[in-house]
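The values are calculated or read from the model by the stated rules, or taken from the named source; none is laboratory data. Keep in mind that this is a model prediction, so the values were computed, not measured. All Cβ positions, even for glycine, are placed from backbone atoms using ideal geometry, and neighbour counts span all protein chains on display.
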């Protein structure tokens, strides 16, 4: 297996591949694995209470939680209140690397780790076996090393180095090593010699291979009734965040105002009066606390007050979130933009991200630290709510929690990726997708939907709700009249994983220059936000069209814009990655292509069930307890 992207999904795929005895090559743009919990700095596990209380997770994710607990002596060394586990990003990488090394020994696999490595080119051709479609036959990557004998991505923010790391040529900063990945076994009599697992944060292999995909807001429909756009908007993805860490100290210090601060200061805010307290925000994602302070309550939220030596990681919507949403400032380039820049031509791929937006996101985050400790004006709240806090310092350096000279995370926390369209079928003529109504607990009888949806869309929505609520058993007309929402998530015959998290938005801003004074979030973008039912990951969602040996893990799976806001957190990423690694191993063993499990009736009834048994036998759940079309009692799952 070649796994591109070392986030939680990529790590999970590697973990299962190694336990299965496979040779696993893992590439990662940074020198840390773990993505969200390490290189992106968001080391606070996003979990739901019921799933957590039952510890109903993939085996690798459970092991991760146990190793965190063993490493620190407790699961929550930061005493944060947003999660049951907040810890240091640098330790997240170490713990995961130890897990992979142990999986390699236990499964007798072979792990080859390629840090500081990006994919530059793919070769795609029709397999010589005429019964199959196109396959990726080799991959060219670039591994970079600092000429100054130090890792330059940790010396410079990503915006300053991204063009260099995607260039074949050596530079004054970096020497390059060109790596070509080719499957060792060259056998045209078997369906595929190897599998490539796309697990990057923005869907780089999705873009580079040019399989059908979507980006940003989808058009409003009965499947996506809460969409904020009639026609769709590919430029409006969720905000990204450069996290940073700060420490409580005993002495007061005066911080130097950044030269760019005035540009971004009109944006910063505590957002809501019930959250307008420095200690509350500081302890929200406190990742280290050597001594527990006195308990304090602010608006019914209890936390221990910060004491000297405490370290907090910052990830705040009206803080260091950067939220572009227009064609001149979007972070992730669309297919049209990539074509106009020739990035899809051989040898021209440069990562598919807008460098200027990365730069502004970096400045924006550093400005937020200054606002937290020295700012006095709040953009969203009344005067006098923001006070100065002098006993805090910004942490930077290679030994800092983020492991960078500049103090920002090695890579921004990405909430939304390019998202594939799954395989076409009679019921999914444009390609399979998980949609809002498949998971949401939204009240679709509310005044908003009655007034905003067209008559035809609203009627279609009602019919679907009736179907979800067992209309085949009950009177369809009665169900349509009484149902305001689904009573459970969609149950998939081809489920290969699970997840549970609310639809949680960090919306793009209306106008260009996100930080501009008076700018606001995209209108109605939060309408879809809210509770969900426990949901599944269907096999159809991780298999792209056109290419038979490519598997998608993480945020790039086939979801709508709204559903993606729930399918993005830690345990989901692990579950999807575990499934991807298992499926690659299964397909090699069974000498089949994964898409045949969902398109061939004989495989559906036999091989698919065998795959699902393998996942469950390996303690990787594919459904929640008591999942059934006859069970509509899910309100207790919180």
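Using the structure shown, decide if residue 2 is surrounded by 24 or more Cβ atoms within 10 Å (Cβ to Cβ), over 28 Å from residue 289 (Cα atoms) and out of contact with any helix residue (DSSP H, G or I) (no Cβ under 8 Å at 6 or more places or on another chain).
yes
What number of residues in the stretch 293-306 are surrounded by 11 or more Cβ atoms within 10 Å (Cβ to Cβ) and within 32 Å of the chain's Cα centre (by Cα)?
Matching residues across the stretch 293-306 total 7.
Mind listing just one residue for me: the one in the stretch 417-447 that is more than 19 Å from residue 537 (Cα to Cα) and touching a residue at least 12 places away in the same chain (Cβ under 8 Å) and, of those, nearest to the chain's Cα centre (by Cα)?
The selected residue is 442.
Go through the stretch 371-392 and give me each residue that's within 29 Å of the chain's Cα centre (by Cα) and closer than 18 Å to residue 41 by Cβ.
372
Among the residues of the stretch 376-388, are any part of a strand (DSSP E or B) and touching a helix residue (DSSP H, G or I) at 6+ places or on another chain (Cβ under 9 Å)?
There is no residue in the stretch 376-388 that is part of a strand (DSSP E or B) and touching a helix residue (DSSP H, G or I) at 6+ places or on another chain (Cβ under 9 Å).
Could you tell me whether any residue of the stretch 363-375 is buried (at least 21 other Cβ atoms within 10 Å of the Cβ), farther than 26 Å from residue 248 by Cα and either touching a strand residue (DSSP E or B) at 6+ places or on another chain (Cβ under 6 Å) or touching a residue at least 24 places away in the same chain (Cβ under 8 Å) (or both)?
Scanning the stretch 363-375, I find no residue that is buried (at least 21 other Cβ atoms within 10 Å of the Cβ), farther than 26 Å from residue 248 by Cα and either touching a strand residue (DSSP E or B) at 6+ places or on another chain (Cβ under 6 Å) or touching a residue at least 24 places away in the same chain (Cβ under 8 Å) (or both), so the answer is no.
Being buried (at least 24 other Cβ atoms within 10 Å of the Cβ), assigned to a helix (DSSP H, G or I) and outside the structural domain of residue 351 (by TED's automatic domain parsing) is the requirement here; does residue 26 meet it?
no
Read through the list (1) modelled with pLDDT of 95 or more; (2) buried (at least 19 other Cβ atoms within 10 Å of the Cβ); (3) within 22 Å of residue 190 (Cβ to Cβ), then give the number of the only condition that residue 615 fails.
All conditions pass for residue 615, except number (3).
Is at least one residue of the stretch 58-75 farther than 25 Å from residue 283 by Cα and part of a loop (DSSP other than H, G, I, E, B)?
So far as the stretch 58-75 goes, yes, one or more of its residues are farther than 25 Å from residue 283 by Cα and part of a loop (DSSP other than H, G, I, E, B).
Could you pull out the residue among 62, 75, 55 that is more than 16 Å from the chain's Cα centre (by Cα) and not assigned by TED's automatic domain parsing to the domain that holds residue 579?
From the options 62, 75, 55, the qualifying one is 75.
Mind checking whether some residue in the stretch 277-287 is surrounded by fewer than 20 Cβ atoms within 10 Å (Cβ to Cβ), over 23 Å from residue 383 (Cα atoms) and within 21 Å of the chain's Cα centre (by Cα)?
no
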